[in-house]
Structures are given as C-alpha cells and as structure tokens.
Amino acid sequence: VYQIFKSHIPQVELLMDLPKTELYAENDPIQSLLNTLQVHPLSKDEISSYLENNRLRWNTIEELVTKEILKPIHSQDTEFYVRTY
C-alpha cells in the first residue's frame, strides 16, 4: 500500500501498526476530517462511519472529490481517501 500511495502523493510516511482511527469532530466535522486526511489516509468505511456519526451524507465526500480537495486511491479491494496538496 505504501508504494501505491507514494506513486500518487509527493510525500508519504510509513507508519506501522496503526490502531483503528477514532475521529472526533470539534466544531466543524468537515474541517476535522480534512485535517485528518491531510496526514492520514482513511478507508471509505472509516469515512462513512465518521459521516454517519456526524449526521452527514456521502455526497459531502463526492463534492470534495469533484472540487479536487480529496482524492480516492484504490488498493486491492479497498478504497482510501487522501487530502490533495
């Protein structure tokens, strides 16, 4: 997965044994998500769960992809999202 991300993103770090991501929104759930995605790719399932917990819909992510703020990256059977630079 590291090599896949590295081929799409200018700067990538390899972190081992990451725990399951627990995202918490402070005042602005979208900005909190964007801040996280700037440093840590998240799977579609993780983002979906986060959106559901914050009463947001998936079209929010689709709009961010359309605006090129987020970028989907496919690896095997998993779709990840990263913040574009």
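Here are the numbers for the structure shown:
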read-out: Cut-off 14 Å between beta-carbons: net charge of the residues surrounding TRP58, Lys and Arg +1, Asp and Glu -1; value: -3
read-out: Per-residue ³J(HN,Hα) for region 56-64, Karplus 6.51 cos²θ - 1.76 cosθ + 1.60, θ = phi - 60°, Hz, x for Gly and Pro; value: 10, 10, 4, 4, 4, 5, 4, 5, 5
read-out: For VAL82, residues with placed amide H under 5 Å, excluding near neighbours; value: LYS71, ILE73
read-out: Rough spin-label spacing in nm, given labels placed 7 Å along Cα→Cβ, for ILE9 and THR84; value: 1.5 nm
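Bear in mind these aren't lab numbers, they're just calculated from the coordinates by the rules spelled out. In this text, all values refer to a predicted model and were calculated from it rather than measured experimentally. Quick reminder, even Gly has a Cβ in these numbers, built from the backbone with ideal geometry, and neighbours come from all protein chains shown.
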